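In what follows, a single structure is set out as structure tokens and then discussed.
The values are calculated or read from the model by the stated rules, or taken from the named source; none is laboratory data. Computed from a prediction, not measured in an experiment: that's the story for all the values here. Positions of Cβ are backbone-derived with ideal geometry, glycine not excepted, and every protein chain shown enters the neighbour counts. Accessible surface is based on the protein model in full, side chains and every heavy atom, while ligands, DNA and RNA are left aside. Shrake-Rupley method; radii C 1.70, N 1.55, O 1.52, S 1.80 Å.
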Amino acid sequence: MKSFIKTLVETPGPSGSEQVIREVIRAEIAPFVDELKVDALGNLIARKGLKQAGGMKVMLSAHMDEIGVMATHIDDNGFVRFITIGGVHPRTCIGGRVIFMNGIHGVIYAEKSDTPEKYPAIENLYIDVGAKSKADCAIRVGDTAGFDRPFLDLGDRLVAKSMDNRISAAVLVETLKQVKQTPNELYFVFSTQEEVGLRGATAAAFGVDPELGLAVDVTATGDTPKGIKMEVSLGKGPTIKVRDSSFISDPRLVRWMVATAEKLGLPYQLEVLEAGGTDGRAIQLTRAGVPASCVSIPCRYIHSPSEMVDYQDVIHAVHLLVGLVSQPFHLE
Ligand code: CO
Ligand code: ZN
């Protein structure tokens with residue numbers, strides 16, 4: 001899986017500009033699905049199987065967009081001002097690099113500050129794409145960029161600028177490939193615009209009209225020096241989400257997921273994420289409501305250029321998802 005993960009994390013695709021990453025995923029999954037379509041929001045929706053006795057229409061969703069920036073203004077000297085796409089903190093920007101969807105690279109730096117002990121605001125940052133003047137600058141207002149950092153393989157620990165959420169896209173692709181027989185009608189959704197408010201999954205959930213939903217995303221950990229208080233660590237298994245700040249998982253589904261993990265002998269962690277949301281909310285609140293939860297990959301340094309996950313957690317997440325979707329769900 002590692003070489004596909006490298007391809008996924010190194011492909012730029014900020015929210016609203018998912019056209020390239022979508023084609024990467026489409027090419028990978030096309031031989032393994034029964035039906036494939038792209039909806040008006042740009043969601044890639046793959047169906048596998050048809051509903052049989054005891055089965056359900058199940059939507060699995062991993063967002064394929066990532067955080068990034070959008071150009072707002074180019075000054076006379078060719079410096080690009082920008083706004084953020086999703087949750088980008090200035091501390092992760094200065095000295096960093098971006099790649100625009102037209103292939104142009106740039107570096108981010110900051111104006112001189114009168115209060116150097118404070119982080120600058122985004123409006124005090126700019127992107128230098130090497131242009132000598134406005135006329136020489138290849139960036140137009142509205143152009144978008146992702147952060148630019150190569151994939152790093154530390155053995156079990158993998159690092160990249162977009163583990164959120166390409167690692168889950170990789171998990172969903174692998175799950176799709178490994179599912180052999182299922183009574184369920186499975187919809188694998190690679191959703192758009194999650195980082196700006198679950199917009200792709202909101203439309204996809206309405207369109208798919210599922211009876212049960214599972215998001216796949218990253219979650220924070222509490223295992224770094226003086227980090228947040230959270231009972232999730234890298235390497236102790238994928239998490240079964242109980243709650244995040246966007247939704248509360250269906251408790252019957254959580255019990256079923258726990259029972260399945262235990263039956264399969266897979267490590268898992270229960271997740272209560274204090275700050276953060278997922279596509280699970282969009283599925284749960286579509287139409288008249290849908291039982292939903294989320295399988296998460298523990299991830300350090302989320303929304304930084306060096307997000308870190310554990311490869312064994314990734315493998316175990318695939319096994320858990322394959323186990324879950326290959327049999328009937330029992331909610332009680
Ligand atoms: Co995110
Ligand atoms: Zn995410």
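Summary table
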{"quantity": "Only one of THR239, THR219 that is farther than 16 Å from LEU321 by Cα and in contact with a strand residue (DSSP E or B) (Cβ under 8 Å, 6 or more places away or on another chain)", "calculated": "THR219"}
{"quantity": "Some residue of the range 168-176 being open to solvent by 10 Å² or more (accessible area, probe 1.4 Å), of a type outside the set (Ser, Thr, Tyr) and over 17 Å from ALA46 (Cβ atoms)", "calculated": "no"}
{"quantity": "Residue satisfying condition, being open to solvent by 10 Å² or more (accessible area, probe 1.4 Å) and away from ligand 1 (no atom under 16 Å from the Cβ), within set GLY207, GLY237", "calculated": "GLY207"}
{"quantity": "Top-ranked residue in the range 198-217 [being away from ligand 2 (no atom under 12 Å from the Cβ) and assigned to a loop (DSSP other than H, G, I, E, B); ranked as farthest from ILE315 (Cα to Cα)]", "calculated": "ASP209"}
{"quantity": "Qualifying residue in the range 133-144 (condition: closer than 25 Å to LYS6 by Cα, over 18 Å from the mean Cα position of the chain (by Cα), modelled with pLDDT of 95 or more and not polar (S, T, N, Q))", "calculated": "yes"}
{"quantity": "Qualifying residues in the range 177-190 (those that are open to solvent by 10 Å² or more (accessible area, probe 1.4 Å) and not in a helix (DSSP H, G or I)) - the one nearest to MET59 (Cα to Cα)", "calculated": "TYR187"}
{"quantity": "Flag for ASP223 being touching a residue at least 40 places away in the same chain (Cβ under 8 Å) and either more than 30 Å from ILE85 (Cα to Cα) or surrounded by 19 or more Cβ atoms within 10 Å (Cβ to Cβ) (or both)", "calculated": "no"}
{"quantity": "Wholly within the range 218-331, helices (runs of 4 or more DSSP H) carrying at least 2 residues that are under 30 Å from ASP148 (Cα atoms) and modelled with pLDDT of 95 or more", "calculated": "279-284, 311-325"}
{"quantity": "Checking GLU195 against (1) within 16 Å of ligand 2 (Cβ to nearest atom); (2) in a helix (DSSP H, G or I); (3) open to solvent by less than 20 Å² (accessible area, probe 1.4 Å), the condition it does not meet", "calculated": "(3)"}
{"quantity": "Filter result for ILE74 (open to solvent by 50 Å² or more (accessible area, probe 1.4 Å), farther than 24 Å from LEU176 by Cα and β-branched (Val, Ile, Thr))", "calculated": "no"}
{"quantity": "Strands (runs of 3 or more DSSP E) contained entirely in the range 86-137, each with at least 1 residues that are open to solvent by 100 Å² or more (accessible area, probe 1.4 Å)", "calculated": "97-100, 105-110"}
